[in-house]
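Worksheet: the structure to be examined is printed underneath.
The values are calculated or read from the model by the stated rules, or taken from the named source; none is laboratory data. None of these values were measured; they are calculated from a predicted model. Heads up, the Cβs are rebuilt from the backbone with ideal geometry, glycines too, and the neighbour counts pull from every protein chain shown. For the accessible areas, the whole protein counts, side chains as well, though only heavy atoms, and no ligand, DNA or RNA atoms are used. Shrake-Rupley method; radii C 1.70, N 1.55, O 1.52, S 1.80 Å.
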Amino acid sequence: MIAIIDYDAGNLKSVEKALVYIGQQVIVTKDRDEILKADHVILPGVGAFSDAMEKLNRFGLTEVIYEVVERQIPLLGICLGLQLLFESSEEGRGVKGLSILEGEILKIPNIKDLKIPHIGWNSLEIKKDARLFQGIKQGSYVYFVHSYYLKAKKEEEVTTITTYGVPIHSSIQKKNIYACQFHPEKSGEVGLQILKNFALIDR
């Protein structure tokens, strides 16, 4: 069973649909016990960093996420869900993130002819031994929608890099924690393979 954490994030339904399509049992829930009973947990997200943290705190989900990490349940953050795993973001100054991982969430710089937000397909430079990307070809394209990006503190936790004006750390892996800046649920066959790979990860 895969639990999708429900904190009124925008991409819950599309993530659920993609998981059902690949044959997974899915529950969308705010309930602590349901989340902690799951074999895998997904933290989705579309929207603003500060608003998302306010909702996670209000619904009592911050502590549940810490417990998921502590219990070594495989956790996948998607888009804003990746950003929330870090300490803070330039998007919500003064708002504390989950601080599970170390790094900066920065605004994509204003560079001539670079459209912000970064919307559309872009390629992945995949690092060796990246578990989410088994069976996926180097340079594969995935779908992005974001104005802020991750610059991780620890290079060894970065599993893919995408270039959009600057090098973007577009996915990470640390122990049982995985996250993608892009949307696997909107990334065609490549995205579905990433979700299948996540579903196969053992505790």
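Table for the structure above
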read-out: Long pairs among Lys107/Lys154; Lys115/Lys153; Lys55/Lys115; Lys112/Lys154; Lys127/Lys175, criterion Cα-Cα beyond 22 Å; value: Lys115/Lys153; Lys55/Lys115; Lys112/Lys154
read-out: Loop trypsin sites (Lys or Arg not before Pro), the stretch 114-196 (other Cβ atoms within 10 Å of the site Cβ: 14 or fewer; DSSP); value: Lys115, Lys128, Lys137, Lys153, Lys154, Lys175
read-out: Local net charge near Glu104, Cβ-Cβ under 13 Å (Lys/Arg +1, Asp/Glu -1); value: +1
read-out: Net charge contributed by nearby residues that have their C-beta within less than 15 Å of Phe182 (K/R +1, D/E -1); value: -2
read-out: For the stretch 131-136, 3J(HN,Hα) per residue [Karplus equation, 6.51 cos²θ - 1.76 cosθ + 1.60, θ = phi - 60°, Hz, x = Gly/Pro]; value: 5, 5, 10, 4, x, 10
read-out: Per DSSP, loop GluC sites (Glu not before Pro) in the stretch 1-103 with at most 14 further Cβ within 10 Å; value: Glu102
read-out: Tyr148 long-range amide H proximity, modeled H, under 5 Å; value: Ile108
read-out: For Asn11, distant residues with modelled amide H under 5 Å away; value: Gly45, Val46
read-out: Solvent-accessible heavy-atom area per residue, rounded to whole Å², over the stretch 1-100 at 1.4 Å; value: 43
read-out: Pairwise centroid distance, computed over Cα atoms, of the stretch 156-174 with the stretch 69-132, Å; value: 9
read-out: Loop-located trypsin sites (Lys or Arg not before Pro) in the stretch 1-79 whose Cβ has at most 14 other Cβ within 10 Å (DSSP); value: Arg71
read-out: Environment charge of Ala3, counting only residues whose C-beta is closer than 14 Å and scoring Lys/Arg +1, Asp/Glu -1; value: -2
read-out: Average accessible surface area per residue within the stretch 111-174, 1.4 Å rolling probe, Å²; value: 56
read-out: Carbon and sulfur %, accessible surface of the chain computed with the full protein complex present, 1.4 Å; value: 48
read-out: Net charge dipole size for the stretch 81-203 [Lys, Arg +1 and Asp, Glu -1 on Cβ; Debye, nearest 20]; value: 60
read-out: Computed helical MRE - 222 nm, the chain, DSSP H runs ≥ 4 contributing -39500 (n - 2.57), nearest 500; value: -7500 deg cm²/dmol
